[in-house]
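Derivation of every value follows stated rules applied to the coordinates shown; laboratory data play no part. Values in this document were obtained by computation on a predicted structure and should not be read as measured data. Heads up, the Cβs are rebuilt from the backbone with ideal geometry, glycines too, and the neighbour counts pull from every protein chain shown.
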Amino acid sequence: MINEYQSKIKHMPIPYFEIDKEMNILAQSDKSVETFCNKGNFLDIVDLESRENALIFLVSKKRQQEIELVLQTAHSPYSLFSCSIHWNEGIGYLVCIEQTDKLKNLESKIEKQCKRLAETNFELLEQKGQLEQSLKRILELSAHFIKLSESVGLVPLTGELNPELIRENHLTLTNIAHDGKFTTVFFDFSSVGKLTSEGIESFSQLIHSLNLVGVICYVIGLKPEHAVYLKNKGLNKKTYFMRNLDEIIQVDLEYNPKKNSIMLH
């Protein structure tokens, strides 16, 4: 039987964990299970490149600590979270808050810094390279692949649709679609801001590559300004447009040319 304390933990409206010094999860809220799936150890949801920092800072001698970590959620392999922990008698009380807006602000700052450093002297090239690596990681976070079923995937795009975003993810997305035997991929433009002609051209090339491995592509979440901009841009004929995912929930997962629809089981 769940006692009153366990009940309070269970119904907390945020991802919350109680862990020991080995990062084993002793208790957690339903929201944490929903966000990260049910894991036995907190490190199982921490990105490999963030695990060393997680161990150093979360299990430090300080009673209270806060750190930003890249965590694997149920919907994305890379999501930025602010993690705050308080230790008491060997138990860590850990709260994880997603930092979506902060990720976008960080991308903007890094882009501006890269442009400034490009005009400086040779001594700053090493620092420029480090910043470009950070931007590369952010671009990977801006077009991640979400598996909706055995044959359908979703790619939420964020920020500016430019050649850099498409180029950084082109090979990864086509390999995932081919290796996973996906027949349908949805590209969600809901969080896309500015479109560029070069970005549309690169996106069209990505669609063509996916078509070559038998994938039917859908574009959803277009804003009115996007629709006007895309008009007569010559996107591949095997690209279809829908308003949002709500139109897809009731339709069949396997593509049917006669119905021109898709269904989620």
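Below, the figures for the structure above:
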item	result
Calculated FRET efficiency for the pair GLU49/ASP20, C-beta based, R₀ 30 Å, to 0.05	0.80
Using θ = phi - 60° and Karplus 6.51 cos²θ - 1.76 cosθ + 1.60, couplings along the stretch 161-166 (whole Hz; Gly, Pro as x)	7, 10, x, 4, 4, 5
Cα centroid separation, the stretch 149-170 to the stretch 43-66 (Å)	30
Computed E for ARG116/GLU198 - FRET, C-beta separation, R0 22 angstrom, nearest 0.05	0.50
LEU148 long-range amide H proximity, modeled H, under 5 Å	GLY153, LEU154
Dipole of the stretch 4-98 [Lys/Arg +1, Asp/Glu -1 at C-beta], most positive-end residue of ALA74, ASN53, GLY90	GLY90
Surrounding net charge for MET23, when Lys and Arg each add one and Asp and Glu each subtract one, Cβ distance under 13 Å	-2
